[in-house]
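Here the structure is laid out as structure tokens; the discussion comes afterwards.
Bear in mind that the values in this text are calculations on the coordinates, not laboratory data. Everything numeric here is computed off the predicted structure, so don't read it as measured data. Methodologically, a virtual Cβ is constructed for each residue, glycine included, from the backbone with ideal geometry; neighbour enumeration extends over all protein chains shown.
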Amino acid sequence: MLFLKDRGFTHPLASEITPRGVYQQRRALLLGSLATMALPTLAQKPKRTPLPGVKSTVAGAFVMDKPTAYADVTGYNNFYEFGTGKNDPAAQADTLKTRPWTVAIEGEVKKPQTLDIDSLLKLAPMEERIYRLRCVEGWSMVIPWVGFSLAELIKRVEPTGNAKFVQFTTLADKAQMPGVRSSVLDWPYTEGLRMDEAMHPLTLLAFGLYGEVLPNQNGAPVRLVLPWKYGFKSAKSIVKIRFVEKQPRSSWEIANPSEYGFYSNVNPTVDHPRWSQATERRIGEDGLFAKKRPTLMFNGYEPQVGQLYAGMDLRKFY
Amino acid sequence: MNKLLLHPAAKPLVFVLCLLPFAALAYGAFANTLGANPAETLIRSTGDWTLRFLCIVLAVTPLRQITGWHALARWRRMLGLYAFFYGCWHFLAFAWLDMGFDVAAIVKDIAKRPFILVGTAALLLMAPLAATSFNRAIRALGAARWQALHRAVYAVALLGVLHFFWMRSGKNDFGEVGVYAVIVAALLGWRAWKRQRSRALAATRT
């Protein structure tokens, strides 16, 4: 390094490096002051509230893939309650009111209750987890979520012996959600899991992403994240969790039973009737002309969840 | 109006206008402004424009007869060729961006998925029409035979709408498909109605 000028990249001590959080704070401060001074419209953009989480210790909770850009994660979504276009949720979800918000816990539990979002947030320590997300349409992302295992909640409400499945119901309010006026699906949107799936530590009850409270279009204030299932299984903006004995039918199963099954595990060997599931395009990362990347069995979570489906014919139970 | 349509600059202007969607998509692909999933945007937009140009070219004759703007006929060939142009790009975008030019995979996909099969059939049906679009072909075929061949465009439009319908059916999202279906139905219905009326007139005369 004798003849190379120091351009600020060499540091005698690691402690001299400005921590990422600090320099990002400076930037945010500068941007914030700029926004309030010169551009009042910018300041009216949806508030971004921090929601930190500690690094999760759950096996499989941290994939090494490069996280998808925040703008893509929050700008390219399926959330039919706000329209069927991928840009509709980001454009229209500002009408969603996430406070006050309650989640009703009902059915086969010893402690049925209605939890408001603030007590739900305090139920267990927040963890950060970086999951792959594979959409049934053939694209994928990598998202740093913030939340805790759904099992934390389930343990506290004490399911009875009859609880074999869990049904999730999401908000369907025409006043807040313009897409609910269309007849694309039977509203409200519901999803279901087998009890052992719901109890799996990877099954995440998410409240945030990228260290911040969930933006409305990503399913605020509380949603499921099931990284080994196609994205639509991860119900957004949940208002009811019901423990039941019989396998519930999900909205997509009702809408199109030949195309969408109850399990909907990511499986490159079982094609969707109208397209192949063997490959996927990683949003923002795979170049326009790059070949699509192969989809992994259970989206790469086979070591963690494979045993849940041991002995099952996955062609039949798709 | 006819005078305006016959203006020497009118046809080049329409030519450039028809090329604008393509230019915008090509620019977007290189400038990376086509959103989070540019491949999907390119495949879908070229398909949308194929359907739109099919509607536009099918509107020429009804519009001409209703309004008396007969100069529109001079654009019909160009508009039809644009439908084929966007159709080719639609197929190319699918074959390239979705299938990576893997011929075996493309053939398998066409056979496996009905909506791809229908779309491919529509494009293949458009090819002979594009190939016989120049004056010498019309003379060689004879006007009657040429016209009979080019009626295949009605089938192309119906297959195109069916292709789009099947593509959207998985999501039960038929709003946009409905718009195209109504337009194509109106354009073809007008022809059927015309034909029936002229037949009825001919019958009363004899």
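Before moving on, here are some points about what is shown:
- Which listed residue, of B:W190, B:W146, B:W166, is touching a Ser or Thr at 6+ places or on another chain (Cβ under 7 Å) and assigned to a helix (DSSP H, G or I): B:W146
- When we screen B:L149, B:L162 for residues that are over 19 Å from B:W75 (Cβ atoms) and either touching a residue at least 60 places away in the same chain (Cβ under 8 Å) or within 14 Å of another protein chain (Cβ to nearest Cβ) (or both), the only hit is B:L162.
- For region A:225-248, a residue qualifies if it is small (G, A, S) and either touching a helix residue (DSSP H, G or I) at 6+ places or on another chain (Cβ under 8 Å) or assigned to a strand (DSSP E or B) (or both), and exactly one does: A:S237.
- B:L13 vs. criteria surrounded by fewer than 20 Cβ atoms within 10 Å (Cβ to Cβ), among the hydrophobic types (A, V, I, L, M, F, W, C), free of Cβ contacts under 8 Å to residues at least 24 places away in the same chain and within 14 Å of chain A (Cβ to nearest Cβ): no
- Figure legend. Inter-residue proximity from region B:46-69: first residues without any contact (Cβ under 8 Å) to a residue 12 or more places away in the chain, second residues of a type in the set (A, V, I, L, M, F, W, C), beta-carbon distance below 7 Å, spacing 6+ or different chains. Indicated pairs: B:L63/B:W69; B:L63/B:L72; B:R64/B:L72; B:R64/B:A73.
- Per-region count, region B:109-146, residues within 14 Å of chain A (Cβ to nearest Cβ) and over 13 Å from the mean Cα position of the chain (by Cα): 10
- Given (1) assigned to a loop (DSSP other than H, G, I, E, B); (2) over 30 Å from A:T98 (Cα atoms); (3) within 14 Å of chain B (Cβ to nearest Cβ), index of the condition A:N267 fails: (3)
- Exclusive hit being part of a loop (DSSP other than H, G, I, E, B), of a type outside the set (A, V, I, L, M, F, W, C) and more than 19 Å from the chain's Cα centre (by Cα), set A:Q277, A:Q307: A:Q277
- Elements of type helices (runs of 4 or more DSSP H) in region A:49-151, at least 3 residues being more than 14 Å from chain B (Cβ to nearest Cβ): A:117-121
- Residue that is nearest to the chain's Cα centre (by Cα) [pool: residues in region B:147-180 that are closer than 18 Å to B:L54 by Cα and among the charged types (D, E, K, R)]: B:R151
- Evaluated against (1) among the aromatic types (F, W, Y); (2) surrounded by 19 or more Cβ atoms within 10 Å (Cβ to Cβ); (3) within 16 Å of B:R44 (Cα to Cα), B:Y82 falls short on exactly one condition, (3).
- Any hit, region A:252-266, residues being touching a residue at least 12 places away in the same chain (Cβ under 8 Å) and over 30 Å from A:S183 (Cα atoms): no
- The single residue among A:Y230, A:Y301 that is in contact (Cβ under 8 Å) with a residue 40 or more places away in the chain, crowded, with 16+ Cβ neighbours inside 10 Å, within 30 Å of B:L117 (Cβ to Cβ) and not polar (S, T, N, Q) turns out to be A:Y230.
- For region A:75-104, a tally of residues being farther than 18 Å from A:K174 by Cα, crowded, with 20+ Cβ neighbours inside 10 Å and touching a helix residue (DSSP H, G or I) at 6+ places or on another chain (Cβ under 7 Å) returns 2.
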